[in-house]
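**Q** Structure in structure tokens, see below.
Bear in mind that the values in this text are calculations on the coordinates, not laboratory data. Worth saying up front: this structure is predicted, and the values here are computed from it rather than measured. Virtual Cβ from ideal backbone geometry, glycine too; neighbours counted across all protein chains shown.
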Amino acid sequence: MSVQKINIVLFGSGKVGSRLVNQILKSQPLFLEEEKDIRISLVVNSSLVFIESESNKNAWDVTFIKSFEKERVANIVSYIHEKEFTHTIIIDTTKSSDLIHNYAYFIQNGFDVISVNGDVEKLSQKQSDEIKISSEVYGKEFFKLDNLLITSEQDSEIAFRNILKISQNLTQDVLVKQAI
């Protein structure tokens, strides 16, 4: 079996996002032993996008962005499709309610979503239903933080464990497809 590339697109580069990046970078040798290449392909904050260098793994080029949230999200999704990222996981570590309204859109574009954003509880029932239905229709995972009384260390650990769950599911899917 060949090494399976998994692309992480991280929204939020604060405490939780930074801890998560460190966890992923420290764990990369272990992932490679399991034939998984988990890459942090994009890190997005309110005014910058860090894009992983194509020639140098774990090095990022910085791009300044000036656009409205909706336009920025659409541009990022277009970029992911243009670069043909495989097995993309969107991770929201922001503390903003802006991004949560895009979860169904991300799923509908073929991405798994992990949210440790406490504002996810502010989604309307209609939005929650749309995320659930989109996950089922598109075969994508959606994990969210259920306990709002946890520390930022626990937030990053929960996000990391969910990355592991998704990568396990991807591996199982590949094995099933190879068996058919």
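**Q** I need the peptides 80-87, 159-166, 38-45 ranked by packing, meaning the mean over residues of other C-beta atoms within 10 angstrom, with the highest value on top.
**A** Peptide ranking by packing, descending: 38-45, 159-166, 80-87.
**Q** What distance in nm lies between label points placed 7 Å from Cα along the C-beta direction at Q168 and K95?
**A** Result for the modelled spin labels: 3.2 nm.
**Q** Still on this structure: Just subtract the alpha-carbon distance of K15 and K83 from 0.36 nm times their residue separation and send over the number in nm, one decimal.
**A** Between K15 and K83, full extension yields 21.7 nm more.
**Q** Could you give the nm distance between label points at N45 and S27, where each point is 7 Å from its Cα heading toward the beta carbon?
**A** 2.3
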